[in-house]
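A.B. asks: My structure is below; once you've seen it, I'll send some questions.
The values are calculated or read from the model by the stated rules, or taken from the named source; none is laboratory data. Note that the structure is a prediction, hence the values are computed from the model and not measured. Here Cβ is always computed from backbone atoms with ideal geometry, including for glycine, and neighbour counts include all displayed protein chains.
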Amino acid sequence: MTTMATDLLSFIDASPSPYHCVAEAARRLDAAGFTAADWSGDLEPSGAGYVVVGGALVAWIAPSGGPGSPLRMVGAHTDSPNLRLKPRPDHASAGFRQLLVEPYGGILQNSWLDRDLGLSGRVVVRSEGARGEVRLFRDDRPLLRIPQLAIHLDRDVNTVGLKLNPAVHLTPVWGLGDERGGEFRQWLAARVDARAADVLGWDVMCHDTLPSGFLGDDEELISAPRLDNQVSCHGATQALIAAHDARSSMGHGVIVALFDHEEVGSESSTGAAGALLGQALSRLNASWGGTDADLATSLARSMLLSADMAHGTHPNYPERHDTGHDVALGGGPVIKINVSQRYATDGPSAAAFRLAAERAGVPTQTYSHRNDLPCGTTIGPLAAARLGVPTVDAGMAQLSMHSIRELMAASDVDHMVAAFTSWCTTVE
């Protein structure tokens, strides 16, 4: 157990949804002296600031060297695979009141069975503004549960395997009785202190009610929801705050972008495949007095760290991992390489990250996916293609990726924050 690992648990428990994750990052930046800006207005010149756009956040430290200076950037994502409520969720079956949900991202479906689930997200209520007022809410009570079928009614489950139809078998119960039209809308209105008629829309999702915690006799492991990828959001935020403290010794700028919707392809107004980061960089460059040529020069001298979690070698399934590329929990940041550009790492960007970790006294590892298994991807290739910036994909090792509950080494939190801070504060 370390102080930084304990801080990560607090970050995760404050962030049951992408909107809460961004709010927690913003709260920390506020406390560190960053200035909140309005995305819909002019981005006024600021030495250190941030903007929040839905479930995304872009934060910066202006380069003291002026326009055209290099930028060290870190990108991560705020969303995690989960179950999200449908527009008309009220349902009933066999005497149970239920809520209809839709899987978001590549969830491990079985991990959501027999778990006590809360609800969180954002609600749009009627106001004088043209778009309504957005209010965040969370309810950590055990509100929902997806009961698994008893073995007596599925005798082959342990031999043939569990087979779930997401349209049928992932519908949680939240009470007894018949369907009552509009019940959820009324319940939700009460959570945000509004009338049911004034609830205009919502983005609501389920979350595990069990708090994050340490695991093992020596508390060497962390058991928590949403490690993928709130660990990287935490690391990026803490590194940016550390860079703010070291700003007087830096000539370069620092950018942190926490995107939404990575788990469903990033194609959105707040995803890495969209225009958010490019627009932010253009507007920031202008607020710092730079020209288009200055921005082009700056990007040509910049580098991006795409921070996302990595697969640790599973002790029960070692054959699923590439020979010669074992990855250990507790072994430090993992540099991820794929020649088909599922990861954006190349030789120079890998070297730059290794040197940053070296300066911090942090070990690194290398991940390569098995050739006969399809490889996942990250925001790295998307951001690299849109910005034309050398990019390294790196993150911390974990097990149970995309489960409702994931596992990592507590010591790797310190490794991550130290390496990310070195990346942000030093340009060779």
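A.B. asks: Do you know which residues across the range 122-155 are over 28 Å from A92 (Cα atoms) and either assigned to a loop (DSSP other than H, G, I, E, B) or not charged (D, E, K, R) (or both)?
C.D. replies: Those that are over 28 Å from A92 (Cα atoms) and either assigned to a loop (DSSP other than H, G, I, E, B) or not charged (D, E, K, R) (or both): R126, S127, E128, G129, A130, R131, G132, V134.
A.B. asks: I'm trying to understand the selection: among the residues of the range 27-43, which are of a type in the set (A, V, I, L, M) and in contact (Cβ under 8 Å) with a residue 40 or more places away in the chain?
C.D. replies: The answer is L29, A32, L43.
A.B. asks: Read through the list (1) loosely packed, with under 14 Cβ neighbours inside 10 Å; (2) in contact with a strand residue (DSSP E or B) (Cβ under 9 Å, 6 or more places away or on another chain); (3) under 30 Å from F420 (Cα atoms), then give the number of the only condition that P147 fails.
C.D. replies: (3)
A.B. asks: Residues in the range 204-223: is at least one more than 30 Å from F11 (Cα to Cα), touching a Gly at 6+ places or on another chain (Cβ under 9 Å) and surrounded by 12 or more Cβ atoms within 10 Å (Cβ to Cβ)?
C.D. replies: Scanning the range 204-223, I find no residue that is more than 30 Å from F11 (Cα to Cα), touching a Gly at 6+ places or on another chain (Cβ under 9 Å) and surrounded by 12 or more Cβ atoms within 10 Å (Cβ to Cβ), so the answer is no.
A.B. asks: When A194 is evaluated against the numbered criteria (1) under 29 Å from the mean Cα position of the chain (by Cα); (2) surrounded by 15 or more Cβ atoms within 10 Å (Cβ to Cβ), which criterion, by number, is the only one it fails?
C.D. replies: That leaves (1) as the condition not met.
A.B. asks: Follow-up question, since we're still on this one. Among the numbered criteria (1) more than 20 Å from the chain's Cα centre (by Cα); (2) not assigned by TED's automatic domain parsing to the domain that holds R247; (3) not in a strand (DSSP E or B), which one does P67 miss?
C.D. replies: Here P67 meets the rest and fails (2).
A.B. asks: What strands (runs of 3 or more DSSP E) lie completely within the range 198-261 and have 3 or more residues being among the hydrophobic types (A, V, I, L, M, F, W, C) and within 26 Å of L277 (Cβ to Cβ)?
C.D. replies: Filter on the range 198-261 gives 253-259.
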